[in-house]
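What follows is one structure encoded as structure tokens, with my remarks underneath.
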Amino acid sequence: MRKWWEILLVSLLGAAVLGVLITGLEGSRRERAASKCSGIEITVLDSADHKFLSGKDVQYIIDRDFGGYVNRPRDSVSLRKVEKILSKQIFLSDAQAYFSPDAVLHIEVRQCKPLAKRTDQGNLLYMNAEGKFIKVGEDWCSELPEIEGTGKASEKWDRLFGKLALKIASDPLWKERVSLYRLYPNGEVGLELKDRQEEFILGQPTLIEAKLKRINKYETEIVPLSKDKNYNKITVKYRGQIVCI
């Protein structure tokens, strides 16, 4: 059993160590609060894959929507707000903000994955997975499917079409085959394939997997039996039916 003075000595030593730690942490906190943002450094993590966004573009957004971060106390710069501003940009899929020990504001971003493209009044636009379009200066993704026509004017329809394009882009076989999406005002979607001359009418951009299976069925079961016929449109929008015109 320890003597009372040994217990007291251990307690005093523990209290002294704890005091040193608290003092050090408090001093470190005050030092961080007193230090000022010395600059900004932006990294586009996937710049090797997608080149339609630069660090200057990101800094322009931060300067425009946040601004006044240089020479501000580091603790007054809301990293969460910076990330929130960037997360609202349709051409970004992820953004992280943090300070390095030298008080430089670091921002790391990833670009969204373009799924298709269209030309509108001479402007090249890339579409993201939400069916929204991004204006780009150069065609960095020349292999993307083209979009012709205009679908239904609604955010819900845009999201459905975005899901269709994402489904195609996520499947290695279909990604290589689809060359064009043709959109109709009634909300229906047509597909053109690189290795076929027909247009495949999917109808509304829903139940995509079942409709793609009907395209496969057309190619494996109908085409071999109709070599002398040239069809222009193959409708696969009806359950259990393939209509050839």
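The values are calculated or read from the model by the stated rules, or taken from the named source; none is laboratory data. Nothing here was measured: the structure is a model prediction, and the numbers come from that model. Using ideal geometry, Cβ is built from the backbone for each residue, glycine included, and neighbour counts are taken over all protein chains shown. Just the protein is used for accessible areas: all its heavy atoms, side chains included, with ligands, DNA and RNA removed. Shrake-Rupley method; radii C 1.70, N 1.55, O 1.52, S 1.80 Å.
For the chain, rounded, prolate or oblate, judged on the Cα gyration tensor with a ≥ b ≥ c (square roots of eigenvalues), a/c < 1.5 rounded, else prolate if a/b > b/c?
Values: a/c = 4.19, a/b = 2.43, b/c = 1.72.
Note, shape of the chain comes out prolate.
Please arrange VAL189, VAL44 by accessible surface area, largest first, computed with a 1.4 Å probe and ligands excluded.
Details: VAL189 0, VAL44 20 Å².
Of VAL189, VAL44, the descending order of accessible area is VAL44, VAL189.
With every protein chain present, what accessible area does VAL82 have (1.4 Å probe, heavy atoms only), rounded to the nearest 10 Å²?
0 Å²
Once the whole set of protein chains is in place, how much accessible area is left on LEU173, using a 1.4 Å probe, in Å² to the nearest 10?
For LEU173, the solvent-accessible surface is approximately 130 Å².
If I ignore ligands, DNA and RNA and count only protein heavy atoms, how much of LYS113 is accessible to a 1.4 Å probe, in Å² to the nearest 10?
Ignoring ligands and nucleic acids, LYS113 comes out at about 100 Å².
When the helices in the chain are scored as -39500 (n - 2.57) per DSSP H run of 4 or longer and the sum is shared across all residues, what 222 nm value do you end up with, to the nearest 500 deg cm²/dmol? Please list the in-between numbers first.
Working: 6 runs with 83 residues, N = 245.
Result for the chain: -11000 deg cm²/dmol, rounded to the nearest 500.
Compute the angle between helix 55-65 and the longest alpha-carbon principal axis of the chain, please, reported from 0 to 90 degrees and rounded to the nearest 10.
The helix 55-65 is inclined about 70 degrees to the chain.
So how do LYS84, LYS175 rank on accessible area, 1.4 Å probe, biggest first, that is with the largest at the start? Show your work: numbers first, answer last.
Values: LYS84 125, LYS175 95 Å².
The most accessible residue leads, giving LYS84, LYS175.
In whole percent, what relative contact order does region 170-244 give with Cα contacts below 8 Å and a gap of six or more residues? Mind showing how you got there, number by number?
On the way: 95 pairs, mean separation 18.1, N = 75.
Normalised by residue count, the contact order of region 170-244 is 24 percent.
Given Cβ point charges of +1 (Lys, Arg) and -1 (Asp, Glu) and nothing else, what value in debye, to the nearest 20, does the dipole of region 101-150 about its Cα centre take? Write down the numbers at each step before the final one.
Numbers: 6 positive and 9 negative charges, 30 e Å.
About 140 debye.
Short version: ³J(HN,Hα) in whole Hz for each residue of region 184-196, in order, from phi by Karplus 6.51 cos²θ - 1.76 cosθ + 1.60 (θ = phi - 60°), x for Gly and Pro, what are they?
10, x, 7, x, 7, 10, x, 10, 10, 10, 5, 9, 9
My understanding is that a pair violates if its Cα-Cα distance is over 20 Å; which of LYS84/LYS167; LYS175/LYS217; LYS51/LYS167 do that in this structure?
Numbers: LYS84/LYS167 28 Å; LYS175/LYS217 18 Å; LYS51/LYS167 23 Å.
Cα-Cα > 20 Å for LYS84/LYS167; LYS51/LYS167; rest within.
At 7 Å along Cα-to-Cβ for each site, give me the label-to-label distance between GLU41 and THR206 in nm.
5.1 nm
Between GLN197 and ASP65, what's the calculated FRET efficiency when r is the beta-carbon distance and R0 is 41 Å? Round to 0.05. Spell out each step's value before the answer.
Numbers: r = 49 Å, r/R0 = 1.19.
Rounded to the nearest 0.05, the efficiency is 0.25.
Placing unit charges on C-beta atoms (Lys and Arg positive, Asp and Glu negative, everything else neutral), compute the dipole magnitude of the chain about its Cα centre in debye, rounded to 20.
On the way: 40 positive and 34 negative charges, 160 e Å.
Charge dipole of the chain: 760 debye, to the nearest 20.
By accessible area of protein heavy atoms, probe 1.4 Å, what ranking do PHE161, PHE99, PHE133 get, highest first?
Listed by decreasing accessible area, they come as PHE133, PHE99, PHE161.
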